[in-house]
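The values are calculated or read from the model by the stated rules, or taken from the named source; none is laboratory data. Computed from a predicted structure; not experimentally measured. Please note: Cβ atoms are built from the backbone with ideal geometry, for glycine as well, and neighbour counts cover all protein chains shown. Heavy atoms of the whole protein, side chains included, go into the accessibility calculation; ligands, DNA and RNA do not. Shrake-Rupley method; radii C 1.70, N 1.55, O 1.52, S 1.80 Å.
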Amino acid sequence: SNLAPVVLELVAASTGHSVVLVDTSEDILKKSAKGIESSLKRVAKKKFAEKPEDGEAFIQKVLKNISTSTDPASVVQGTDLVVDAIVENLKVKQDLFGALDKAAPEHTIFASNTSSLSIADIASSTARLDRFGGLHFFNPVPMMKLVEVIKAPGTSQQTFDALLEFSKALGKHPVSCKDTPGFIVNRLLVPYMLEAVRLHERGHGSKEDIDVAMKLGAGYPMGPFELLDYVGLDTSKFIIDGWHEKDPDNPLFAPSPLLNKLVAEGKLGKKTGEGFYKHK
């Protein structure tokens with residue numbers, strides 16, 4: 001389990017959708033509920049700075065829209081949309097959606113929040129290819145306006161339109177994507193980060209200089225090495241390895257020896273305290 005579903009819940013519930021958060025254990029759900037409540041308090045504090053009592057009412061109203069469960073098959077019987085934000089593992093996602101497909105009503109739309117797997121591959125474990133699409137949110141979800149809405153070859157126009165409308169109802173800005181590796185953002189961003197590592201590996205620039213150059217010369221808020229540390233080196237390696245396996249002749253997807261070495265040493269970025277940089 002990771003934080004993505006929790007934040008997605010929060011955004012959906014605060015825009016008036018009734019939401020059920022499903023995870024594997026009550027313990028995880030308790031932690032998630034705490035996370036949702038503290039996020040809500042932060043939002044309310046900003047939104048209702050002048051009127052704390054309105055903020056409290058907002059928190060209670062949103063929390064009323066959220067329930068939790070450890071039994072996805074029973075929950076799915078009463079839902080219009082199922083979004084997964086589980087581990088980036090094709091087999092695990094296929095198993096989940098395959099099981100839910102048998103329990104869900106005919107009209108229910110399935111969507112995955114995957115950032116790097118093929119929607120068609122995930123959907124292939126179900127009998128609802130026409131009612132299956134992608135909804136890729138960006139961290140931190142409450143702040144980031146973008147949602148990539150992915151139309152796989154089997155996704156019907158009606159399903160795609162419903163996913164676009166849902167994104168807008170969350171107050172997000174959807175962009176339309178085809179079911180190609182990395183969709184739009186990661187297809188450009190991951191090779192860019194890897195290209196920065198290769199430039200450094202060739203001795204053509206220090207990490208610090210490359211980061212400063214991209215911030216001051218291209219207006220990026222973070223340099224590529226800072227971004228790799230923020231995203232997680234293991235995550236970036238996982239994505240590039242998956243693409244390389246599918247398209248080994250594409251030089252943009254070539255693995256990086258330096259990235260592989262850091263991941264092998266357990267230096268995964270901010271979350272472990274060290275990646276390309278040391279973090280306090």
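Give, as residue ranges, the helices (runs of 4 or more DSSP H) completely inside segment 1-101 that count at least 2 residues that are assigned by the TED database to the domain that holds Asn139 and under 30 Å from Ser118 (Cβ atoms).
Ranges flagged: 4-14, 26-47, 72-75.
Considering only residues that are open to solvent by 60 Å² or more (accessible area, probe 1.4 Å) and in contact (Cβ under 8 Å) with a residue 40 or more places away in the chain, which ones fall in segment 17-64?
Ser18, Thr24, Glu26
Please work out if Asp161 is in the same structural domain as Asp247 (by the TED database), part of a helix (DSSP H, G or I), at pLDDT 95 or above and more than 21 Å from Lys237 (Cα to Cα). So that I can check it myself, show each step before the final result.
Numbers: in the same structural domain as Asp247 (by the TED database): no; part of a helix (DSSP H, G or I): yes; at pLDDT 95 or above: yes; more than 21 Å from Lys237 (Cα to Cα): yes.
Here the answer is no, as Asp161 does not meet what is asked.
Within segment 196-207, is there a residue that is surrounded by fewer than 16 Cβ atoms within 10 Å (Cβ to Cβ), polar (S, T, N, Q) and under 21 Å from the mean Cα position of the chain (by Cα)?
For segment 196-207, residues surrounded by fewer than 16 Cβ atoms within 10 Å (Cβ to Cβ), polar (S, T, N, Q) and under 21 Å from the mean Cα position of the chain (by Cα): absent.
Check off (1) assigned to a helix (DSSP H, G or I); (2) closer than 27 Å to Glu148 by Cβ for Leu117 and give me the number that stays unchecked.
Looking at each condition in turn, Leu117 falls short on (1).
Starting from residues that are over 24 Å from His244 (Cβ atoms) and open to solvent by less than 30 Å² (accessible area, probe 1.4 Å), keep the ones in segment 108-127 and report whichever is nearest to the chain's Cα centre (by Cα).
It comes out as Ala111.
Say we look at segment 133-146 and pick out the residues that are over 14 Å from Gly171 (Cα atoms) and modelled with pLDDT under 95; which of these is surrounded by the fewest Cβ atoms within 10 Å (Cβ to Cβ)?
Among those that are over 14 Å from Gly171 (Cα atoms) and modelled with pLDDT under 95, it is Pro140.
Examine segment 183-200 for a residue that is among the basic types (Lys, Arg) and within 18 Å of Val83 (Cβ to Cβ), and state whether such a residue exists. Let's see the steps before the verdict.
Pass one, segment 183-200, residues among the basic types (Lys, Arg): 187, 198.
After this cut, where a residue has to be within 18 Å of Val83 (Cβ to Cβ) as well, the list is none.
No, every residue in segment 183-200 fails to be among the basic types (Lys, Arg) and within 18 Å of Val83 (Cβ to Cβ).
Which residue out of Asp161, Asp130, Asp84, Asp101 is surrounded by fewer than 21 Cβ atoms within 10 Å (Cβ to Cβ) and touching a Lys or Arg at 6+ places or on another chain (Cβ under 7 Å)?
Unique residue meeting the criteria: Asp101.
Conditions: (1) touching a residue at least 12 places away in the same chain (Cβ under 8 Å); (2) over 11 Å from the mean Cα position of the chain (by Cα); (3) surrounded by fewer than 16 Cβ atoms within 10 Å (Cβ to Cβ). Val149 meets all but one. Number of the miss?
Single failed check for Val149: (3).
State which residue is nearest to Ala12 (Cα to Cα) when the search covers only segment 52-109 and only residues that are small (Gly, Ala, Ser) and touching a helix residue (DSSP H, G or I) at 6+ places or on another chain (Cβ under 6 Å).
Ala85
For the subset of segment 19-46 comprising residues that are touching a strand residue (DSSP E or B) at 6+ places or on another chain (Cβ under 7 Å) and of a type outside the set (Gly, Ala, Ser), which member is modelled with the lowest pLDDT? I'd like the intermediate steps shown before the answer.
Filtering segment 19-46 down to residues touching a strand residue (DSSP E or B) at 6+ places or on another chain (Cβ under 7 Å) leaves 19-22, 29, 32-33, 36.
Subset that is of a type outside the set (Gly, Ala, Ser): 19-22, 29, 36.
Values: Val19: 93, Val20: 93, Leu21: 93, Val22: 93, Leu29: 93, Ile36: 89.
Across segment 19-46, the extreme among qualifying residues is Ile36.
Please give the number of the condition Lys246 fails out of (1) open to solvent by 60 Å² or more (accessible area, probe 1.4 Å); (2) free of Cβ contacts under 8 Å to residues at least 60 places away in the same chain.
Only one criterion is unmet by Lys246, namely (2).
Spot the failing condition for Val87; the list is (1) at pLDDT 90 or above; (2) within 28 Å of Arg131 (Cα to Cα), and only one is missed.
(1)
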